[in-house]
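Report on the following structure.
The values are calculated or read from the model by the stated rules, or taken from the named source; none is laboratory data. Not measured: the values here are computed from a predicted model. We place every Cβ from the backbone using ideal geometry, glycine too, and count neighbours over all the protein chains shown. We work out accessible area using only protein heavy atoms, side chains counted, and drop any ligands, DNA or RNA first. Shrake-Rupley method; radii C 1.70, N 1.55, O 1.52, S 1.80 Å.
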Amino acid sequence: MSPPKLLLVGAGHAHLEVLRRAAEEREKPDGVAFDLTVVSPVPRQVYSGMVPGFLAGTYTLEEISVEVAPLVARAQGNLIEGSATGLDPERQVVRLRDGQEIPYDRVSFAIGSTTAGIDKQEIAAGAVPVKPLDRVIDLKTRIESLAREKPEKDRSAVVVGGGAAGYEVTLALHAALGREAQVHLIEKSPRLLAEYPERFRKKALAVLAEKKVETTTNESVRRVSPDHVVLASGQEIPSKLTVWLAGAVAWPLFRDAGLPLDERGFLLLDDSLRSIQDPKIFAAGDCGTLKNYPKTPKAGVYAVRQAPILWESLHAALAGEEPPKYRPQTGFLSILNLGDGRALMHWKGLVVEGGLVFRLKDWIDRGFLAKYR
């Protein structure tokens, strides 16, 4: 009897850990047997926590990413470079963009999310998305081109989306384009960084004011052009570079699979990170929503915390054992890169800003990536 087929779709944060643990499993004399296939659209997985530093010029691409092929090789798996476009649970296959169908006995998804609104023609024509994360390479090229071609006072950029990612990218653009550049942050809801407590928000907003970054809240974007952004009110804001970081929505991959999804198209999961309808299908990170904890934020820290549970759950499925249960943490350490060698931290009511905080963040981030090299 041939070993079961384990298919990992995407090399997101959770799957990096699954691959590391799968390699350890191969070394055990009594380890569970399985055939491993990994589908990844890119050869290098970018770590989201270091993206703002990359855009600001603090890190190189090599410092913020992990090569997928060596990890797969250590886990004795087969790597297929491609993008998944569909899932057929009845036939137990995942369809790729090039027409291939990859069979599985167990399949896990760590494909993240895409950004709301980026598929609209009036937005996509002029905006630069950050997701999937490999697009930050193109964004970095655009930033460098703008810095070369325009005097500092003529450089303008807009970031759409006032959550943590939008805030950090705004400050990264300010750092990369220079003090005299016009950088503007737009959020459609009434508050920037609405997910954070007020004390933290006040410090974060003070940094924007200190750097003379313009902000607009309670306003949506109607259209993005090559040199300006048009708001719903009709106001035009100059922008030679517009970065789109609005809210997270699901990739269309699960749309026609006949599986239960949440209102944004994310796969609904049980406490063992399995589809609530089909226990052969697993997911972690942004692409899944926990049925019992639906308000769990779409943040990379949760993908990292889910990773060990995902491996244990997959291992249990392959070995015919009882799977573990995941319970999301109620809070987490949050450190935002301010783009200038400082960072702003929130932890259990404590709010701290400064260079030492950035050094802490840098140490944590480098330590995380070192596990997969």
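For region 1-41, how many residues are under 12 Å from TRP311 (Cα atoms) and open to solvent by 30 Å² or more (accessible area, probe 1.4 Å)?
Qualifying residue count, region 1-41: 3.
List every residue pair whose Cβ atoms lie under 8 Å apart, where the two residues are 6 or more positions apart in sequence or sit on different chains, the first residue falls within region 234-248 and is basic (Lys, Arg), and the second residue, located anywhere, is surrounded by fewer than 20 Cβ atoms within 10 Å (Cβ to Cβ).
LYS240/LEU146; LYS240/LYS150; LYS240/PRO226; LYS240/ASP227
For region 131-147, give me each residue that is open to solvent by less than 50 Å² (accessible area, probe 1.4 Å) and at pLDDT 90 or above.
Matches in region 131-147: VAL136, LEU139, LYS140, ILE143, SER145, LEU146, ALA147.
I'd like to verify a number: residues in region 343-358 that are closer than 17 Å to LEU193 by Cβ and either in contact (Cβ under 8 Å) with a residue 40 or more places away in the chain or open to solvent by 20 Å² or more (accessible area, probe 1.4 Å) (or both), how many?
Qualifying residue count for the region: 9.
Picking from LYS188, LYS150, LYS202, which residue would you name as being closer than 30 Å to ALA110 by Cα and open to solvent by 20 Å² or more (accessible area, probe 1.4 Å)?
When all the criteria are applied, what remains is LYS188.
Go through region 359-373 and give me each residue that's of a type in the set (A, V, I, L, M) and loosely packed, with under 14 Cβ neighbours inside 10 Å.
ILE364, ALA370
Return yes when THR114 is among the polar types (S, T, N, Q), farther than 19 Å from SER239 by Cβ and surrounded by fewer than 22 Cβ atoms within 10 Å (Cβ to Cβ) and no when it is not.
So THR114 fits the description; yes.
A quick yes/no check of all residues on (1) at pLDDT 95 or above; (2) more than 23 Å from LEU7 (Cβ to Cβ):
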{"position": "SER48", "(1), (2)": "no, yes"}
{"position": "ALA56", "(1), (2)": "yes, yes"}
{"position": "PRO89", "(1), (2)": "yes, no"}
{"position": "ALA116", "(1), (2)": "no, yes"}
{"position": "GLN121", "(1), (2)": "no, yes"}
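Keeping to region 78-125, report how many residues are among the charged types (D, E, K, R) and assigned to a strand (DSSP E or B).
5
Of all residues in region 249-259, which are open to solvent by less than 20 Å² (accessible area, probe 1.4 Å) and not in a loop (DSSP other than H, G, I, E, B)?
Across region 249-259, the qualifying residues are LEU253, PHE254.
Is there a residue being surrounded by fewer than 21 Cβ atoms within 10 Å (Cβ to Cβ), over 23 Å from the mean Cα position of the chain (by Cα) and closer than 19 Å to GLY53 by Cβ anywhere in region 219-232?
Within region 219-232, none of the residues are surrounded by fewer than 21 Cβ atoms within 10 Å (Cβ to Cβ), over 23 Å from the mean Cα position of the chain (by Cα) and closer than 19 Å to GLY53 by Cβ.
With the checklist (1) farther than 20 Å from GLY163 by Cα; (2) of a type outside the set (Asp, Glu); (3) modelled with pLDDT under 95 in hand, flag the one item GLY300 doesn't pass.
With respect to (1) farther than 20 Å from GLY163 by Cα; (2) of a type outside the set (Asp, Glu); (3) modelled with pLDDT under 95, GLY300 is out only on (1).
Could you figure out which of (1) assigned to a loop (DSSP other than H, G, I, E, B); (2) surrounded by 20 or more Cβ atoms within 10 Å (Cβ to Cβ); (3) touching a Lys or Arg at 6+ places or on another chain (Cβ under 9 Å) isn't true of ALA176?
Failing condition for ALA176: (1).
Looking at this structure, is LEU273 in contact with a strand residue (DSSP E or B) (Cβ under 8 Å, 6 or more places away or on another chain), over 18 Å from GLU90 (Cβ atoms), open to solvent by less than 30 Å² (accessible area, probe 1.4 Å) and touching a residue at least 40 places away in the same chain (Cβ under 8 Å)?
Against the criterion (in contact with a strand residue (DSSP E or B) (Cβ under 8 Å, 6 or more places away or on another chain), over 18 Å from GLU90 (Cβ atoms), open to solvent by less than 30 Å² (accessible area, probe 1.4 Å) and touching a residue at least 40 places away in the same chain (Cβ under 8 Å)), LEU273 qualifies.
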